[in-house]
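See below for the structure under consideration.
The values are calculated or read from the model by the stated rules, or taken from the named source; none is laboratory data. Being a predicted model, the structure only gives us computed values, none of them experimental. Don't worry about glycine lacking a Cβ; one is built from the backbone with ideal geometry, like all the others, and counts go over all protein chains shown. For accessibility, only protein heavy atoms count, side chains too; no ligands or nucleic acids. Shrake-Rupley method; radii C 1.70, N 1.55, O 1.52, S 1.80 Å.
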Amino acid sequence: MKKVLFTQRSDFPHWVGDGFPVRTIFSYNDIAKETSPFLLMDYAGPAEFSPTKQRRGVGSHPHRGFETVTIVYDGQVEHRDSAGGGGVIQSGDVQWMTAGSGLVHEERHGKEFSQTGGPFEMIQLWVNLPKKDKMTSPRYQGIKSSQIPQVELAGGQLRVIAGEYGEAKGPAKTFSPINMWDVRLKAGANLELMVPNGHTALVFVLSGNVVVSESHQLISAEMAVLETAGEKIQLKAGEDTKLLFLGGQALNEPIVGHGPFVMNTTAEIYQAMKDFEAGKMGDMEPIEGSD
Ligand code: MN
């Protein structure tokens, strides 16, 4: 059984633009080795938004060298980027955007959700790209809930967003081996998740509570970082629990990041800044109703 190395939480919420009240659960500035290939996780909400005619969110900004993955649990997020990618994702959907060599994008609440208001909850991950793929062409994968296979577990369900679980294969195309599972457990469920030996393993609880590998109880907005050795994670849910499992093969490459760019060297960061200022990451039409 994989042992828990440590747990992590954030008690300091901040706003990303005016649309996303987030807690940064981990970042490569604090822990990089144990979470690779994942660079950062922002947990937005749960929050309640009032109806508005405005489009809350974050305006045009660049990225280079990694992927942003947005999982919507409640609410609606609209995206548009300079590489022509875009779409609206809602509850159960996932947006997997490869920034690669660079783009600028805008992230806002969907038009419908802005008008009606309501509960909002999402996760945004930054997923690192292997050195050889950092300058790949930008790509947008808008993954609908209906494309995500669901596996029945003894005591819950597991949706495979990326990677595989048993026979089920996730729809997301990735550049390195990654498992991303949306897991729901019923109160009292006690089960073992089978995971690849040697991979990074992170368990993050959105709601409910769960004891991980018989040692650490996680409540809402807490994450367990597990050792890479071993193939089983034991999960014992104290109540109905919604959790995200993140796994993958660590990249073991140097990380140098600054703001919206994450590369392997300082020289590459300067180059990214230069390229952005020279307009090489493109330009885009703003989302309707944004300021
Ligand atoms: Mn962004």
Original post:
On average, how much accessible surface per residue is there in the chain, in Å², for a 1.4 Å probe, leaving out ligands, DNA and RNA?
Top reply: 42
Original post:
Expressed as a whole number of Å, what is the distance separating the alpha-carbon centroids of segment 1-39 and segment 238-291?
Top reply: 15
**OP:** Please list, in chain and number order, the residues 5+ apart from Glu222 or on another chain whose amide H is under 5 Å from its amide H, with Hs placed from the backbone.
**Re:** Val205
Original post:
Between Lys131 and Asp30, what is the FRET efficiency for a Förster distance of 22 Å, r being their Cβ-Cβ separation, to the nearest 0.05?
Top reply: 0.50
Original post:
In nm, what is the difference between 0.36 nm times the number of residues separating Ser50 and Lys169 and their Cα-Cα distance?
Top reply: 39.1 nm
Original post:
Counting other Cβ atoms within 10 Å of each Cβ, which GluC sites (Glu not before Pro) in segment 178-237 have at most 16 and sit in a DSSP loop?
Top reply: Glu214, Glu227, Glu231
**OP:** For the chain, give the magnitude of the charge dipole about the Cα centre (Cβ charges: +1 Lys/Arg, -1 Asp/Glu; no others), in debye to the nearest 20.
**Re:** 380
**OP:** With a/c under 1.5 counting as rounded, go ahead and sort segment 38-184 into rounded, prolate or oblate using the C-alpha gyration tensor (a ≥ b ≥ c being the square roots of the eigenvalues; past the cut-off, prolate if a/b is larger than b/c, else oblate).
**Re:** oblate
Original post:
To the nearest 10 degrees, how steep is helix 266-277 against the longest Cα principal axis of the chain, on a 0 to 90 scale?
Top reply: 50
**OP:** Find the relative contact order for segment 45-143 and round it to a whole percent, using C-alpha pairs within less than 8 Å whose residues are 6+ positions apart.
**Re:** 42
Original post:
Using alpha-carbon pairs under 8 Å, 6+ residues apart, how would you state the relative contact order of the chain in percent?
Top reply: 22
Subject >> Karplus 3J(HN,Hα) series, Hz, for segment 246-257 with 6.51 cos²θ - 1.76 cosθ + 1.60 (x for Gly, Pro) >> reply: 10, x, x, 7, 4, 7, 6, 10, x, 10, 10, x
Subject >> Relative contact order (%) - criterion: Cα under 8 Å, at least six apart; region: segment 145-210 >> reply: 28
Original post:
Going by a ≥ b ≥ c, the root eigenvalues of the Cα gyration tensor, does the chain fall in the rounded group (a/c under 1.5), the prolate group (a/b larger than b/c) or the oblate group?
Top reply: oblate
**OP:** Please work out the FRET efficiency for the pair Thr266 and Arg23, using the Cβ-Cβ distance as r and a Förster radius of 22 Å; give the result to the nearest 0.05.
**Re:** 0.15
Original post:
In whole percent, how big is the carbon plus sulfur part of the accessible area of the chain, probe 1.4 Å, protein atoms only?
Top reply: 49
